[in-house]
Amino acid sequence: MTLHAWFALLTALVLSGWAVGALRRRTGRHEAGRRFFRHPTAGWGIGVLAFFVIVAVAAPLVTSFDPRDQIDIVHLKSQPPSWSNILGTDVYSRDLWSRVAFGARISLIVGALGMLVAVTLGTLVGAVAGYYRRWVDAVLMRGVDVGLALPRIFVLLMAVALFGRLPLAILVLVIGFTSWFGTSRLVRAEVLSVRERDFVAAARAVGAGPARVIFRHVLPNAAAPIIVSAALGIGNVLLLEAALSFLGIGVAPPAPSWGNMIADGAPYLASAPWTTLFPGLAIALVVMALNAVADALRDALDPRQEAM
Amino acid sequence: MTEPLLRVRDLKTYFVTEQGRGTARAVDGVSFDLYPGETLGIVGESGCGKTVTSLSILRLIPEPPGHIRPGSLIEFEGRNLLALAPPDLRAIRGNQIAMVFQEPMTSLNPVFTVGDQIAEAAIIHQRLSRKAARARAIEMLTLVGLPDPAERVDHYPHQLSGGMRQRVMIAMALVCHPKVLIADEPTTALDVTIQAQILELLERLQAELGMAVLLITHDLGVVAGQADRVVVMYAGQVVETAPTTALFDGPLHPYTEGLMAAVPRIDAPKSRLQAIPGQVPAATAWPSGCRFHPRCPHAWTKCTIEEPPLLGDGDHTARCWLVQEPGRRKRQPETE
């Protein structure tokens with residue numbers, strides 16, 4: 001690690017701490033914001049997420065090696081952490097820290113985009129089912145039942161069989177298309193209750209059409225559980241991506257993702273445990289942070305506490 | 001008289017009950033006319049079908065479980081609202097016929113500013129730009145007498161009191177200058193002083209905008225002060241209809257008499273209030289014959305068997321056999 005990489009890393013740490021503070025100040029004015037930060041792990045969760053996002057964005061600055069570069073295949077193979085390679089090197093003599101940092105880009109993007117696709121789809125299907133009820137609801141929800149009953153990994157294996165090696169965009173879509181079932185059930189339940197509220201009838205009475213009623217009046221009032229489920233969902237998608245890459249059908253090497261790093265290191269678990277430990281740690285940290293944030297969000301956005 | 005603006009004929013709105021066993025005949029053959037510029041009061045106890053009638057006019061009945069029976073007619077300016085396609089119906093809702101709801105606390109969307117909600121109808125029906133719609137919202141807030149309209153327009157519903165919210169609801173309903181305003185118990189949830197202000201406001205706006213108002217209430221005092229004509233409903237039917245003064249001078253139906261006796265008076269010596277014995281029967285099982293007979297002090301055999309039509313002459317009619325046989329009327333037991 002060069003001096004300026006260390007410096008950049010330090011800056012990233014400071015910056016993530018500052019981001020937590022800024023967010024706390026900014027939301028402190030609202031009751032919900034104060035409730036959020038009253039959660040003991042919420043600040044830490046935000047901090048960890050901010051740190052990984054900053055590292056992902058500034059990956060070339062905080063690292064000194066190209067993540068695909070085999071530095072010295074003879075002498076620097078499977079080296080434990082040292083001053084020049086702070087997390088050590090893997091079996092192909094690549095700098096692990098560089099790969100974790102650049103892997104964060106791919107893993108976080110796949111997680112966020114995959115969840116975006118899933119939440120969008122799930123919200124649409126759930127809202128339509130809950131709003132129209134009757135046969136629309138029955139048809140859509142039986143479809144969701146089928147989707148929930150299908151083992152996801154087989155669907156993904158089928159996609160691999162169709163496409164061969166999955167390009168990143170397809171991977172995101174496939175993950176998104178197989179992750180929305182739970183969200184749609186949640187949204188449906190929420191819409192079923194919101195649609196009975198008086199202001200929905202009032203909106204229909206001023207002449208709003210179904211689309212306007214659903215998107216302007218029903219969904220914004222059902223946003224809290226959707227946001228919470230999205231925060232939890234990113235963690236799940238991240239794990240799914242890791243699992244797929246571990247099985248060799250996710251992100252294609254040599255591009256680094258946390259999942260295929262674990263796959264690369266798995267055979268050497270005994271001789272070079274750091275090659276799997278650090279990407280595994282990164283996944284665990286981000287997923288835990290997301291769960292902590294989702295937990296705090298659920299408490300903060302719970303409308304039953306609004307009056308307090 | 002001129003052509004009625006809104007004609008309701010034999011309106012029947014039924015609800016299938018939860019178990020699918022019974023049918024609640026919430027509105028069962030209601031007919032009335034609403035003329036341009038007048039205020040028509042619809043009065044009745046809770047559960048007599050007032051609200052369902054008003055929701056049926058805009059076809060806001062949740063379907064299922066509710067449905068409007070074929071054979072019903074709701075005609076607005078010669079067009080049958082029950083036969084309109086959804087887009088045509090939406091073009092009328094909020095634009096030609098608008099509605100003020102009972103509960104100002106829950107009828108506003110908590111996540112939007114009141115300005116956004118007032119502007120909504122204008123954006124939908126008149127395709128106003130957001131900026132023009134905002135200006136219109138401020139104008140409407142001024143019209144309904146909300147203080148600091150330019151500031152209030154950006155407030156959220158929870159920042160306003162009940163009376164202010166009801167003013168906002170009225171502004172929301174009137175933004176497109178509708179020809180008919182349906183006000184469903186607009187003052188029930190408010191305290192008395194605010195109630196008077198809101199009624200005064202409605203009266204003023206009606207005069208300014210020249211609209212017809214369908215005022216639905218359980219409060220005879222409100223009707224006496226506001227309405228030109230009154231329709232009294234009981235058990236899903238119209239039981240009496242009359243010009244307001246005629247109704248208060250001489251009610252024909254024992255139910256209307258009962259309602260009036262149940263209003264406390266400050267000009268009479270203190271006495272116990274007269275309640276109508278019993279309750280409105282369940283809508284799944286209306287009584288045979290006259291639906292009021294189990295609670296009626298004058299009922300005789302004919303009332304339990306044969307259902308009376310609306311009897312009487314001209315503009316004062318009642319669904320009661322006493323109109324034909326006044327001799328059967330019993331002396332009130334507690335005559336002063």
**Message:** Please pick out the residue among A:98, A:93, A:84 that is at pLDDT 70 or above and on the phi > 0 side of the Ramachandran plot.
**Reply:** A:93
**Asked** Looking at (1) crowded, with 21+ Cβ neighbours inside 10 Å; (2) of a type outside the set (A, V, I, L, M); (3) under 15 Å from residue A:238 (Cα atoms), which is the only condition residue A:105 fails?
**Response** (1)
**Fill in**
For the range B:209-221 the number of residues that are surrounded by fewer than 22 Cβ atoms within 10 Å (Cβ to Cβ) and either assigned to a helix (DSSP H, G or I) or of a type in the set (A, V, I, L, M) (or both) is 3
**Filter result for the condition that a residue is of a type outside the set (Lys, Arg) and either in contact with a Gly (Cβ under 8 Å, 6 or more places away or on another chain) or within 12 Å of another protein chain (Cβ to nearest Cβ) (or both), over A:213, A:228** = A:213
**Request:** Scan the range A:1-40 residue by residue and report those that are among the small types (Gly, Ala, Ser), more than 30 Å from residue A:85 (Cβ to Cβ) and either assigned to a helix (DSSP H, G or I) or touching a residue at least 60 places away in the same chain (Cβ under 8 Å) (or both).
**Result:** A:21, A:22, A:32, A:33
**Request:** Using the structure shown, decide if residue B:120 is within 12 Å of another protein chain (Cβ to nearest Cβ), in contact (Cβ under 8 Å) with a residue 24 or more places away in the chain and among the charged types (D, E, K, R).
**Result:** yes
**Request:** Identify all residues within the range A:190-205 that are in contact with a Lys or Arg (Cβ under 8 Å, 6 or more places away or on another chain) and more than 10 Å from chain B (Cβ to nearest Cβ); write none if there are none.
**Result:** A:192
**Request:** Select, from B:111, B:30, B:100, B:52, the only residue that is of a type in the set (Val, Ile, Thr), within 14 Å of another protein chain (Cβ to nearest Cβ) and within 30 Å of residue B:278 (Cα to Cα).
**Result:** B:52
**Asked** Restricting to the range A:249-267, what's the tally of residues that are surrounded by fewer than 24 Cβ atoms within 10 Å (Cβ to Cβ) and under 19 Å from residue A:88 (Cβ atoms)?
**Response** 8
**Message:** Considering only residues that are closer than 22 Å to residue A:192 by Cα and either charged (D, E, K, R) or more than 14 Å from chain A (Cβ to nearest Cβ) (or both), which ones fall in the range B:55-89?
**Reply:** B:59, B:63
**Asked** Residue check: is residue B:165 of a type outside the set (A, V, I, L, M) and either in contact with a helix residue (DSSP H, G or I) (Cβ under 9 Å, 6 or more places away or on another chain) or touching a residue at least 60 places away in the same chain (Cβ under 8 Å) (or both)?
**Response** yes
**Asked** Condition test on residue B:82, is it farther than 18 Å from residue B:231 by Cβ and surrounded by fewer than 23 Cβ atoms within 10 Å (Cβ to Cβ)?
**Response** yes
**Asked** Of the residues in the range A:144-169, how many are within 17 Å of the chain's Cα centre (by Cα) and without any contact (Cβ under 8 Å) to a residue 40 or more places away in the chain?
**Response** 1
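Take residue A:54 and tell me if it is under 15 Å from residue A:296 (Cβ atoms), in a helix (DSSP H, G or I), modelled with pLDDT of 80 or more and among the hydrophobic types (A, V, I, L, M, F, W, C).
Numbers: under 15 Å from residue A:296 (Cβ atoms): no; in a helix (DSSP H, G or I): yes; modelled with pLDDT of 80 or more: yes; among the hydrophobic types (A, V, I, L, M, F, W, C): yes.
Here the answer is no, as residue A:54 does not meet what is asked.
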**Message:** Looking at residue B:257 and the list (1) under 30 Å from residue B:103 (Cα atoms); (2) without any contact (Cβ under 8 Å) to a residue 24 or more places away in the chain; (3) over 21 Å from the mean Cα position of the chain (by Cα), which single condition is not satisfied?
**Reply:** (3)
**Prompt:** Just to be sure, is residue A:228 at pLDDT below 85 and not in a helix (DSSP H, G or I)?
**Reply:** no
**Message:** Quick check on the range A:170-188. Is at least one of its residues within 12 Å of another protein chain (Cβ to nearest Cβ), modelled with pLDDT under 85 and in contact with a Ser or Thr (Cβ under 8 Å, 6 or more places away or on another chain)?
**Reply:** no
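The values are calculated or read from the model by the stated rules, or taken from the named source; none is laboratory data. Being a predicted model, the structure only gives us computed values, none of them experimental. So basically every Cβ, Gly included, is an ideal-geometry build from the backbone, and we count neighbours across all protein chains shown.
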